[in-house]
There are 2 protein chains.
Amino acid sequence: MWSPKIPVNAIDRLSFYLRTLDELIAGDVEMISSEQLAKQCGVKPDLVRKDLSYFGEFGRKGVGYRIVDLYSQIKKILGVDRTWNMALFGVGNLGSALIRHANFLKQGYRFVAAFDVDPEKVGNRLPDGLIIEHADRFEEVLKERNVGIGVIAVPPANAQSVANQLILAGINGILNFSPLHIHVPDCCRVENVDFSIKLDILGYHISSFST
Amino acid sequence: MWSPKIPVNAIDRLSFYLRTLDELIAGDVEMISSEQLAKQCGVKPDLVRKDLSYFGEFGRKGVGYRIVDLYSQIKKILGVDRTWNMALFGVGNLGSALIRHANFLKQGYRFVAAFDVDPEKVGNRLPDGLIIEHADRFEEVLKERNVGIGVIAVPPANAQSVANQLILAGINGILNFSPLHIHVPDCCRVENVDFSIKLDILGYHISSFST
């Protein structure tokens, strides 16, 4: 795979362009200019052009980019032109909603296992057909089902110990929904999703608007 | 309220310290040094000290900070030492999980309204007691219940139109769970939560690890 070195900040923008292009494909638009894409994504046109320059010069001046081509090129560059298997840890309210989140599969992410330690949950079948398994057999399941990403949706106090077990099992990508920092070695990448930090940021700005 | 000018990047770190202190309070720890807080949050001690310097010199050298004091000071600075009323737009899987997310209320964010346009959902009672209302009467409800934050969990194609209506109704803080960029005027702040962008970032890094 041809893989240029992309600056860290560009990666989330590229992923964001991908989401936007995905919606445009659904809407039957064929071509897009960097200016149009910039406007839809709320970033400066220069930045879009710079980010897209990692893909070489396959856009045509004055005409723009063919949306389906740009979409598949960005997927390839990001390494997401394949399906990633994911395992969920913690089948509470949030975990259950994540399992049912239709967009994941569309975007190439598929839950192939769901673990919990609650005996009342273990053995239950989820709406997508997965059966909740006890966390104590997770290591063999992860190997059997070729899991690449672990999704942590357990209570905060248990998040680090789940992460430790994932790392020992050779998983090096973690999506963390607990509000605490997870310590991992350099061979592992954690991405955090914390709604309440976003709410605090909103609270701060709304307070500033009104003073 | 005493309100120093805090750099944008420091705000999410302060919110993150808040989450960590919250867990420590639950665990009955009384004091913490900036080094300990830095370690728990995975940031450099110098950065923690710099961020905490916005609160003046109420930590004691060699002893550290009293956790409950630091916690309430950070809340005050961020303007989250109060309860914010929130309205949910879109009661799908994700929306339902958000309503049931126990941590929101603990952290001072309370859903006081939930809207949908699906006639099969309108009128249903949610587990927390809220009744799903039709989106067409949202404007008067937002005023009656003093809503400060709108939470958008509708399908991507409808996100911008919900945001437009929120802004017209005078809401200037939006938490957006749709994967698309929402255009808002300067008087409004949007924070985006997009799981799939986080997954793409993971995918990119895992691919890099293995090549």
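The number of residues in region B:135-149 that are under 20 Å from the mean Cα position of the chain (by Cα), outside any strand (DSSP E or B) and surrounded by 12 or more Cβ atoms within 10 Å (Cβ to Cβ) comes to 4. Of the residues A:ARG145, A:ARG100, A:ARG110, the single one that is more than 19 Å from B:PRO155 (Cβ to Cβ) and either free of Cβ contacts under 8 Å to residues at least 60 places away in the same chain or among the β-branched types (Val, Ile, Thr) (or both) is A:ARG110.
Checked against (1) within 20 Å of A:ARG13 (Cα to Cα); (2) touching a strand residue (DSSP E or B) at 6+ places or on another chain (Cβ under 6 Å); (3) surrounded by 19 or more Cβ atoms within 10 Å (Cβ to Cβ), B:VAL162 passes all but condition (1).
Residues in region A:85-93: is at least one farther than 22 Å from B:VAL193 by Cα and either in the same structural domain as A:VAL151 (by TED's automatic domain parsing) or crowded, with 19+ Cβ neighbours inside 10 Å (or both)? It would help to see each step written out before you state the result.
First, the residues of region A:85-93 that are farther than 22 Å from B:VAL193 by Cα: none.
For region A:85-93, residues farther than 22 Å from B:VAL193 by Cα and either in the same structural domain as A:VAL151 (by TED's automatic domain parsing) or crowded, with 19+ Cβ neighbours inside 10 Å (or both): absent.
In the set (1) free of Cβ contacts under 8 Å to residues at least 24 places away in the same chain; (2) of a type outside the set (Gly, Ala, Ser); (3) crowded, with 19+ Cβ neighbours inside 10 Å, B:ILE152 fails one condition alone, (1). Within region B:153-178, restricting attention to residues that are of a type outside the set (A, V, I, L, M) and facing another protein chain (nearest Cβ under 8 Å), the residue that is nearest to the chain's Cα centre (by Cα) is B:GLY173. Contact map, region B:188-211: residues that are within 7 Å of chain A (Cβ to nearest Cβ) and part of a helix (DSSP H, G or I) paired with residues that are acidic (Asp, Glu) and surrounded by fewer than 22 Cβ atoms within 10 Å (Cβ to Cβ), Cβ distance under 7 Å, separation 6+ or inter-chain. Pairs shown: B:ILE197/A:ASP12; B:LYS198/A:GLU191; B:ILE201/A:ASP12; B:ILE201/A:GLU191; B:LEU202/A:GLU191.
One line per residue, one yes/no per condition, for (1) crowded, with 19+ Cβ neighbours inside 10 Å; (2) within 14 Å of chain B (Cβ to nearest Cβ); (3) under 24 Å from B:LEU202 (Cβ atoms):
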{"position": "A:LEU47", "(1), (2), (3)": "no, yes, yes"}
{"position": "A:ARG66", "(1), (2), (3)": "no, no, no"}
{"position": "A:THR83", "(1), (2), (3)": "no, yes, yes"}
{"position": "A:ARG100", "(1), (2), (3)": "no, yes, yes"}
{"position": "A:LYS106", "(1), (2), (3)": "no, yes, yes"}
{"position": "A:GLU133", "(1), (2), (3)": "no, no, yes"}
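Only one entry in B:GLY42, B:GLY27 is at pLDDT below 90, at the interface with chain A (Cβ under 10 Å from one of its Cβ atoms) and on the phi > 0 side of the Ramachandran plot, namely B:GLY42. There is no residue in region A:143-156 that is farther than 22 Å from A:PHE104 by Cβ and among the acidic types (Asp, Glu). Exactly one condition in (1) at negative phi; (2) more than 9 Å from chain A (Cβ to nearest Cβ); (3) in a loop (DSSP other than H, G, I, E, B) is not met by B:HIS181; state its number. Of everything listed in (1) at negative phi; (2) more than 9 Å from chain A (Cβ to nearest Cβ); (3) in a loop (DSSP other than H, G, I, E, B), B:HIS181 misses just condition (2).
For B:VAL154, the test of being of a type outside the set (Lys, Arg), under 18 Å from B:VAL112 (Cα atoms), assigned to a loop (DSSP other than H, G, I, E, B) and touching a helix residue (DSSP H, G or I) at 6+ places or on another chain (Cβ under 7 Å) is passed. A single member of A:ALA97, A:ALA113 is under 28 Å from A:LEU18 (Cα atoms) and touching an Asp or Glu at 6+ places or on another chain (Cβ under 7 Å), and it is A:ALA113.
The values are calculated or read from the model by the stated rules, or taken from the named source; none is laboratory data. Being a predicted model, the structure only gives us computed values, none of them experimental. Please note: Cβ atoms are built from the backbone with ideal geometry, for glycine as well, and neighbour counts cover all protein chains shown.
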